[in-house]
2 protein chains.
Amino acid sequence: MSKRKDQALTVAFIGGLGEVGKNMMVFGHGDDMLIVDAGLTFPRDEDLGVDVVLPDFSYLVEHRDKLRGLVITHGHEDHLGAVPYLLKEVEVPVYATGLALGLLEDKLQEQGVRLPAGSRRVSPGEKFTVACFAVETFRVNHSIADCVGLAIDSPTGLVVHTGDFKFDQTPVDGKVSDLHRLAEYAQRGVLVLLSDSTNADRPGFTPSEKQVGKALDEIFRTASGRVLVTTFASNVHRIQQVLWFARKAGRRVAVVGRSMERTVEVASRLGYLEVPEGVLVEVEEANRLRDTGVVLLTTGSQGEPLSALARMANGEYRRAEVRQGDTVVIAATPVPGNERLVARTIDQLFRRGAEVVYEAHRGVHVSGHASREELKLMINLVKPRFFVPIHGHYRHLVRHAELARELGIPDRNVAVAENGVVLEFTPDRVRDAGRVPAENVMVDGLGIGDVGSVVLRDRLQLAQEGVVVVFLVLDRTSQKVVAGPDIVSRGFVYVREAEGLMNEGRQKVEEALRRLGPQRLGDWPAVKAAVRDALGRFLHERTGRRPVLLPLILEVGEERGIVAQ
Amino acid sequence: MSKRKDQALTVAFIGGLGEVGKNMMVFGHGDDMLIVDAGLTFPRDEDLGVDVVLPDFSYLVEHRDKLRGLVITHGHEDHLGAVPYLLKEVEVPVYATGLALGLLEDKLQEQGVRLPAGSRRVSPGEKFTVACFAVETFRVNHSIADCVGLAIDSPTGLVVHTGDFKFDQTPVDGKVSDLHRLAEYAQRGVLVLLSDSTNADRPGFTPSEKQVGKALDEIFRTASGRVLVTTFASNVHRIQQVLWFARKAGRRVAVVGRSMERTVEVASRLGYLEVPEGVLVEVEEANRLRDTGVVLLTTGSQGEPLSALARMANGEYRRAEVRQGDTVVIAATPVPGNERLVARTIDQLFRRGAEVVYEAHRGVHVSGHASREELKLMINLVKPRFFVPIHGHYRHLVRHAELARELGIPDRNVAVAENGVVLEFTPDRVRDAGRVPAENVMVDGLGIGDVGSVVLRDRLQLAQEGVVVVFLVLDRTSQKVVAGPDIVSRGFVYVREAEGLMNEGRQKVEEALRRLGPQRLGDWPAVKAAVRDALGRFLHERTGRRPVLLPLILEVGEERGIVAQ
């Protein structure tokens, strides 16, 4: 044991597409590794055609013999969405609270992956041992039920990892963040606090989720027609409030959209959602009720074009449509990058004659993350020796680190890391202990990691300028062009109106081949370069564009049937 | 004259990419047409590769004999950026206030277009006649100097067009919006008010531009190093405040970035910017001054990757760089769609050790558009018979129309239009009088309008899935495949790691050709369909992707040299 005490604790930050440690962190001590979260993110604008982005598992694969457990802090995609992919690579028991485990099991079943032996449900407040780590979960509030932070007692010292959190003094389920445990950890002495930085640039306190309930109550009681509510499908507490206040207002609730239906099913089955008797109806039945007796609870809060709400707004959804007199409540803010999609949906809803409640000042959305005053409270409660801001973009980490310094944590004890960094802690110091692979691993269709920077760069050029293919056939024996050159394009110009341009382009290629001379036609690289140069220059002069140019040369000879490119 | 009075006034809403009448409106009476503004917008995410979007000029071209004048309300791109393009199509005299005209002349010179005869500068408050329209400009406040609204006295009645506006009670140049004229119009009787709806969903009043000055003053006085300020290059009043408060704090100002340099040059030459003696320095000189004596005023407030600020943040700008101890003030909010770019720049600035002031609550940015209380004030001042909300997305128009009804304008007198609509007014009623072409005209490189929905759809598929070209050569006489099939791809998979996939794909194509049988090889549509089907299905099965598939078939025969595709 004393040997162990000598060893340092390492923390590796892996996944998060710019948000540090958001999707995955790995704690290491001696021969034991404990993973916290395995989530995925959605691609950035420039990740063309990419479906989701996974953490880089190579550090875990390399140390597969040391992996002792994976603890999931809560049921959001960016904390558990990568588990099925991870479990295809390594075997590690999973620990999660009930709702997260329920959602995960659903997901694993869909992908045909089995939960490894030793996996189990843990309750908020429960203690369990994972090799040299004594882990205790503590309850925190967030925009999904059953969310925990972790107190990880390692041989080097006690680590507190907040997970995603806010301090909601009046949470919907009545279960306040476990302030007393946090205080108790401080008494035991906390080596390092890793704390959620998402809202580190927001002053004050984040309002309680109950504020949303008040706004919904008011709308449900006063709206003169149907009410449609859209929010993140995982926000169980908000869904709970929709059910409660709909019932209070004498409205019945129809759930629309697959992910929302799934949350309601899983959360009510596991006891995280109390569904008042008789409040839920099928959409078809709701369509037959009087308008003031109806709430539609739907997916689509991010303006996703294929969501139920967007399709209802466009009149393209079979089961229901938005109409004059409806009130639509957008109980969410757009995730950065989705602003225009959301705005477009709102415009479309107004066009159909609906009233739309979307302004933040109407109180229909609150954040699930702690603002600056709550972040200070967390630091003051936990009183850590070392402080590491996590779960935020670099600007948030900097702001959060500033807060910690303001509260008296010495500058040398505050570490701002980035994904790929390994921090090493001893009781006396923190240091940068090197790097681990933390590239973004792109999933496109069935391919994991086969879309990288080369493919994305090509896609960007294709997207902006299109593609022009020029092809011709050479006779090997005579060294003459026996067919072509011909040109085909996509995404470059409107083909029907560009015949002249293409004919001229063909002439330019022919001229270039003539200039090259028959004796050099066997020199393919030279032919390709000449074709590319001549056509590229001509098209740029005439259109100002630089499409992806693909010169294709085929060769036929006496024996025929041989081809190269 | 009495005949004229009988005629109706028409208003056509043309340009704006979803924002109604934002880039262009056309007033018509009898044989006279008056254009208000000719601006451009920047493309949406899905307008892949498009540089700018122009209004559809075809209504103007069709009625070129009726065009009497083009009045520009202010110097922003979305109100005058399309003038050079328009003047290449039609001849119409341009009326604009000094700063707008100065910026426009700069732009015209660059594009080699001459200002038509009869064009002239008009002062705020000036009256001038354009055929049957007696036009009077009235001063309004906005985020650029020298901004006006228009009172257009037509034979049908008096029209008030606010342009972009806010009511700033303490404007930087001391020139308050002309409340008295607005009151006077009301006394004369206003037929219709067309009013800026941009902020129709913001409660209260928009703060004064001077608030930004206060924040800058504080920062310039207290920052312990250099201060970098970025804002919209056209915001002359904000630039003015930077110069004033820099001087007050004993700092000299270096202007960085072409568009910012141009504004400072034009605005100071025309007297819209008062440059205190000796306050401006070259960047190279600023680099030699003590840090607390320097302000860098730079472009890049939207995170544009090629802007001076983004390049300084990345250490890629030759003349200056951001370093530890700098304070960077982002005096702007992201235009929707730019959020991630701006966030990335901020992260990068923090990484270089700069302090960044970007939060709205720090007071370093205010909107240039009126909020709800100001919109009410405008309606109450002008007291129009008819009300038409303009300059906003549909949701803003609906909100603004609600306001007008709340203030007592009868429902039948409030018209919410969209681009492409023509409204017709008589003294007694407003009606929908049909449609005019109002498609978005895309400019990509040198091409205007040659990128349409087909090209954009292809680009989107290319962007998301890449392109796969499969090509082969047929012998016309023997009806045999004499070369190929071969496959080339871009943006689909990483080629070096996908050789096996491509080989298998080739085999699938060969099998498909065999199944088709030699007698059908002359039937090109059948060959293409067979190749496309076989390869498309195989690639989708193996990768889950559906790339753009281009099957190319070349034919050679006895005579050789003939080709078709």
Filter result for B:VAL468 (in contact (Cβ under 8 Å) with a residue 40 or more places away in the chain, farther than 25 Å from A:ARG476 by Cα and in a loop (DSSP other than H, G, I, E, B)): no
For the structure I just gave you, tell me whether A:GLY21 is in contact with a Cys (Cβ under 8 Å, 6 or more places away or on another chain), modelled with pLDDT of 85 or more and not charged (D, E, K, R). no
Where A:VAL90 falls short, out of the listed (1) surrounded by fewer than 22 Cβ atoms within 10 Å (Cβ to Cβ); (2) under 20 Å from the mean Cα position of the chain (by Cα): (2)
Tell me whether region A:495-514 contains one or more residues that are at pLDDT below 90, out of contact with any Leu (no Cβ under 9 Å at 6 or more places or on another chain) and farther than 26 Å from A:GLU465 by Cα. yes
Picking from B:LEU54, B:LEU87, B:LEU60, the residue that is in the same structural domain as B:VAL398 (by TED's automatic domain parsing) and in contact with a Phe, Trp or Tyr (Cβ under 8 Å, 6 or more places away or on another chain) would be B:LEU54
For B:LEU535: the one exception among (1) surrounded by 15 or more Cβ atoms within 10 Å (Cβ to Cβ); (2) more than 9 Å from chain A (Cβ to nearest Cβ); (3) over 42 Å from the mean Cα position of the chain (by Cα); (4) of a type in the set (A, V, I, L, M, F, W, C): (3)
Quick check on region A:451-490: of everything there that is at pLDDT below 90 and on the phi > 0 side of the Ramachandran plot, which residue is farthest from the other protein chains (Cβ to nearest Cβ)? A:GLN479
Is there a residue being without any contact (Cβ under 8 Å) to a residue 12 or more places away in the chain, under 16 Å from B:ILE330 (Cα atoms) and buried (at least 18 other Cβ atoms within 10 Å of the Cβ) anywhere in region B:238-248? no
Quick check, is B:THR156 more than 18 Å from B:SER123 (Cβ to Cβ), at pLDDT 95 or above and assigned by TED's automatic domain parsing to the domain that holds B:ARG385? yes
Residue, modelled with the highest pLDDT, within region B:228-259, restricted to residues that are under 23 Å from B:HIS76 (Cα atoms) and of a type in the set (Lys, Arg): B:ARG238
Taking strands (runs of 3 or more DSSP E) that fall entirely within region A:108-159, which contain at least 1 residues that are surrounded by 23 or more Cβ atoms within 10 Å (Cβ to Cβ)? A:133-140, A:147-154
Sort out which residues of region B:249-270 are of a type in the set (S, T, N, Q) and buried (at least 24 other Cβ atoms within 10 Å of the Cβ), and write them in order of number. B:THR263
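Answer yes or no as to whether A:GLN302 is within 22 Å of A:ARG344 (Cβ to Cβ), over 26 Å from the mean Cα position of the chain (by Cα) and part of a loop (DSSP other than H, G, I, E, B).
Numbers: within 22 Å of A:ARG344 (Cβ to Cβ): yes; over 26 Å from the mean Cα position of the chain (by Cα): no; part of a loop (DSSP other than H, G, I, E, B): yes.
Spelling it out, it is not the case that A:GLN302 is within 22 Å of A:ARG344 (Cβ to Cβ), over 26 Å from the mean Cα position of the chain (by Cα) and part of a loop (DSSP other than H, G, I, E, B).
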For region A:540-559, does any single residue satisfy the condition of being more than 11 Å from chain B (Cβ to nearest Cβ), in contact with a helix residue (DSSP H, G or I) (Cβ under 8 Å, 6 or more places away or on another chain) and among the charged types (D, E, K, R)? no
The listed residue being buried (at least 23 other Cβ atoms within 10 Å of the Cβ), over 13 Å from the mean Cα position of the chain (by Cα) and closer than 21 Å to A:VAL135 by Cα, out of A:ALA38, A:ALA96: A:ALA96
Filter result (part of a loop (DSSP other than H, G, I, E, B) and not acidic (Asp, Glu)) within region B:397-421: B:LEU407, B:GLY408, B:ILE409, B:PRO410, B:ALA415, B:VAL416, B:ALA417, B:ASN419, B:GLY420
Which ones in region B:321-344 are facing chain A (nearest Cβ under 10 Å) and either part of a strand (DSSP E or B) or out of contact with any Lys or Arg (no Cβ under 8 Å at 6 or more places or on another chain) (or both)? B:PRO334, B:VAL335, B:ASN338, B:GLU339, B:LEU341, B:VAL342, B:ARG344
Pick from region B:10-35, criterion of a type in the set (D, E, K, R) and surrounded by fewer than 23 Cβ atoms within 10 Å (Cβ to Cβ), ranking: nearest to B:ALA100 (Cα to Cα): B:GLU19
When residues of region A:134-147 are filtered for being in contact with a strand residue (DSSP E or B) (Cβ under 9 Å, 6 or more places away or on another chain) and closer than 19 Å to A:PHE232 by Cβ, how many remain? 6
Could you grab the pairs with beta carbons closer than 8 Å, sequence gap of 6+ or different chains, first residue in region B:77-98 and at negative phi, second one in a helix (DSSP H, G or I) and among the β-branched types (Val, Ile, Thr)? B:GLU89/B:VAL61; B:VAL90/B:VAL61; B:VAL94/B:VAL83
Of the candidates A:ARG537, A:ARG546, the one satisfying the condition of being part of a loop (DSSP other than H, G, I, E, B) and on the phi < 0 side of the Ramachandran plot is A:ARG546
Filter region B:355-366 down to the residues that are surrounded by 19 or more Cβ atoms within 10 Å (Cβ to Cβ) and facing another protein chain (nearest Cβ under 10 Å), then identify the one that is farthest from A:ASP45 (Cα to Cα). B:GLU355
I'd like the full set of residues that are in a strand (DSSP E or B) and closer than 18 Å to A:PHE205 by Cβ, limited to region A:160-185. A:LYS166
So which of B:PRO116, B:PRO93 is away from chain A (no Cβ under 14 Å) and touching a Gly at 6+ places or on another chain (Cβ under 9 Å)? B:PRO93
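Here's the yes/no breakdown for (1) in contact with a Lys or Arg (Cβ under 9 Å, 6 or more places away or on another chain); (2) in a helix (DSSP H, G or I); (3) surrounded by fewer than 18 Cβ atoms within 10 Å (Cβ to Cβ); (4) in contact (Cβ under 8 Å) with a residue 24 or more places away in the chain:
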| residue | (1), (2), (3), (4) |
| --- | --- |
| B:ASP347 | yes, yes, no, no |
| B:GLY353 | yes, no, yes, yes |
| B:GLY368 | yes, no, no, yes |
| B:GLU373 | no, yes, yes, yes |
Of the residues B:VAL473, B:VAL455, B:VAL468, B:VAL481, which single one is within 23 Å of A:TYR494 (Cα to Cα) and touching a Leu at 6+ places or on another chain (Cβ under 6 Å)? B:VAL468
By residue number, the members of region B:522-534 that are among the small types (Gly, Ala, Ser) and assigned to a loop (DSSP other than H, G, I, E, B) are B:GLY522
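Here are some residues: A:VAL192, A:VAL227, A:VAL212. Which one is β-branched (Val, Ile, Thr), touching a residue at least 60 places away in the same chain (Cβ under 8 Å) and in contact with an Asp or Glu (Cβ under 8 Å, 6 or more places away or on another chain)?
Result: A:VAL227 is the single residue among A:VAL192, A:VAL227, A:VAL212 that is β-branched (Val, Ile, Thr), touching a residue at least 60 places away in the same chain (Cβ under 8 Å) and in contact with an Asp or Glu (Cβ under 8 Å, 6 or more places away or on another chain).
The values are calculated or read from the model by the stated rules, or taken from the named source; none is laboratory data. Everything quoted here is computed from the prediction, not taken from an experiment. So basically every Cβ, Gly included, is an ideal-geometry build from the backbone, and we count neighbours across all protein chains shown.
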